[in-house]
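J.: The structure under discussion is supplied below as structure tokens; questions concerning it will follow.
Every read-out reported here was derived from the displayed coordinates using simple, explicitly stated rules and does not represent laboratory data. Only a predicted model underlies this, so the values are computations on that prediction, with no experimental measurement involved. Reconstructed Cβ throughout: ideal geometry from the backbone, glycine too, with neighbour counts over all protein chains shown.
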Amino acid sequence: MGSINPQGGTRGGADIVGGGIGEGPGPDIMAAATLDGNKVMSSDGEHVGKISDIMLDVRGGRIAYAVLSEGGFLGMGSKLHAIPWNALTLDTAEKCFYVDIAAQRLKDDPGFDKDHWPSMADETWGTSTHSYYNRQPYWQATKDVVEHDPAVRPLEH
């Protein structure tokens, strides 16, 4: 496993470790559907579930969360967790994600079920979720980059 950012840094996206750099898409840019079903490993090495969805911040043009499906049989009765995208590391060699949280802490997260999703656009919910994973909310992490990097900041007329 590669290094995971233990300080909960300000990066806006998932880290990438492993090989797989070459022609075509991936690993820096890839179709979201190719990541569905990828297993997720906790920081203490336990298989904690699979990616079921990748949630986009449509207005902001960013990935907000990956939804982890934990347990259940054929998707029935599984508990879902919204994991901040910047709390994940994609391991291209192992074809899995690592979440920077211990398995028991993830299990202690109440999560939600497929019929009762949280309001993911609610900033209070989002801040609480990012805090649980020891991450700065993605909208704050990328705001600093856009506001302070002239190469990224839009041109003013």
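J.: Tell me which residues, restricted to region 108-119, are within 9 Å of His81 (Cα to Cα) and charged (D, E, K, R).
T.: The answer is Asp109, Asp113.
J.: What are the residues in region 100-124 that are in contact with a Gly (Cβ under 9 Å, 6 or more places away or on another chain) and among the hydrophobic types (A, V, I, L, M, F, W, C), if any?
T.: Passing the criteria: Ala103, Leu106, Met120.
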